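Engineer: Following this message is one structure expressed as structure tokens.
Nothing in this text is a laboratory measurement; each read-out follows from the coordinates by a stated rule. These numbers come from a predicted model, not from an experiment. Every residue, glycine among them, receives a Cβ derived from its backbone with ideal geometry; neighbour counts consider all protein chains shown.
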Amino acid sequence: MRLVEVIYGNKTTDETADLLVAVTEKIGKKPIKVLKDSPGFIVNRINAPNQALFSAVLDEGIEKPCEIDAGLKATGMPMGPFELADYVGLDVFCHTLDYYAKTLSKDYTPGKFLSEKMKNKELGMKTGKGIYDWSSGKAAIDVSKMSTVITPMELLAVQLNEAVKVYKEKVSTSTTDIDNSLVYGMNAFMGPFGLCAGQDPKMLADILNKVSERYHLAILRPEPEIVDGSFKNFNK
């Protein structure tokens, strides 16, 4: 990973942060300043709401995880979100959601599906079974059917919405830094501000309202700056 988040504590001086930036650059990494010690910092915070969304999708139970994974992999994603959750470990996934539930919003509380998996110690690849069966060494995923209930555009809109919150909370005061955090930390082609610069704000707001209402997640409601399009005028 190229990214190094240089995080200010309550007493961190600019001189100390600048020194750490210089050291990070000297070892060939990409430093991004995080201006306060905030839950998830930049990269993990921006990805957090999609984790809550995936948990809600599992609880709804209408679409099969394999069909959603197959649909997203068909768009070029190397691994679907549920396969990735199993690969990382459902315990890690749940502990992360628990942390955000305590520090950001109760909307992040792990749902019944994930809680049941935790109870049964079905944690994914590490235990041989999670959302998928891993007994053969890889996830047994039926890709014969694809679902478009969750699309890349919806995932991007959710990321942008949280990126707007990160900017407004002054975790970072540069949309370029926020975008670069995703590029260097997640190997993204471009960050959410860059990708959404040419998108219709009404379309983005409609997407967020739709997923928020369907899955009863207030954290996905569009920020005012997305509704009126003013996120495009944030400091670069």
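Engineer: Could you say which residue among 113, 93 is hydrophobic (A, V, I, L, M, F, W, C) and under 19 Å from residue 186 (Cα atoms)?
Structural biologist: Criteria check complete, one pass: 93.
Engineer: Of all residues in segment 202-226, which are farther than 18 Å from residue 168 by Cα and either charged (D, E, K, R) or surrounded by fewer than 13 Cβ atoms within 10 Å (Cβ to Cβ) (or both)?
Structural biologist: Matches in segment 202-226: 202, 203, 206, 210, 213, 214, 216.
Engineer: Looking for something in contact (Cβ under 8 Å) with a residue 60 or more places away in the chain and closer than 20 Å to residue 181 by Cβ - is there at least one such residue anywhere in segment 70-78?
Structural biologist: yes
Engineer: All but one of (1) of a type outside the set (Phe, Trp, Tyr); (2) in a loop (DSSP other than H, G, I, E, B); (3) closer than 18 Å to residue 70 by Cα hold for residue 172; state the number of the condition that does not hold.
Structural biologist: Result: residue 172 passes all but (3).
Engineer: Under the condition of being touching a Pro at 6+ places or on another chain (Cβ under 9 Å) and surrounded by 19 or more Cβ atoms within 10 Å (Cβ to Cβ), which residue from segment 97-116 is farthest from residue 45 (Cα to Cα)?
Structural biologist: The residue in question is 107.
Engineer: Just wondering, is there one or more residues in segment 187-197 that are within 17 Å of residue 225 (Cβ to Cβ) and either part of a loop (DSSP other than H, G, I, E, B) or touching a strand residue (DSSP E or B) at 6+ places or on another chain (Cβ under 8 Å) (or both)?
Structural biologist: yes
Engineer: Hey, another quick one. Restricting the search to segment 165-213, which residues are under 23 Å from residue 75 (Cβ atoms), in contact (Cβ under 8 Å) with a residue 12 or more places away in the chain and among the hydroxyl-bearing types (Ser, Thr, Tyr)?
Structural biologist: If the condition is that a residue be under 23 Å from residue 75 (Cβ atoms), in contact (Cβ under 8 Å) with a residue 12 or more places away in the chain and among the hydroxyl-bearing types (Ser, Thr, Tyr), then 181, 184 are the ones that fit.
Engineer: Would you be able to say whether some residue in segment 15-30 is surrounded by 21 or more Cβ atoms within 10 Å (Cβ to Cβ) and touching a Pro at 6+ places or on another chain (Cβ under 9 Å)?
Structural biologist: There is no residue in segment 15-30 that is surrounded by 21 or more Cβ atoms within 10 Å (Cβ to Cβ) and touching a Pro at 6+ places or on another chain (Cβ under 9 Å).
Engineer: Something else now. Inspect all residues belonging to segment 23-31 and state whether any of them is in contact (Cβ under 8 Å) with a residue 24 or more places away in the chain and hydroxyl-bearing (Ser, Thr, Tyr).
Structural biologist: No, segment 23-31 contains no residue that is in contact (Cβ under 8 Å) with a residue 24 or more places away in the chain and hydroxyl-bearing (Ser, Thr, Tyr).
Engineer: Can you tell me which residue is surrounded by the most Cβ atoms within 10 Å (Cβ to Cβ) among those in segment 133-160 that are more than 22 Å from residue 215 (Cβ to Cβ) and within 23 Å of the chain's Cα centre (by Cα)?
Structural biologist: Here the residue is 139.
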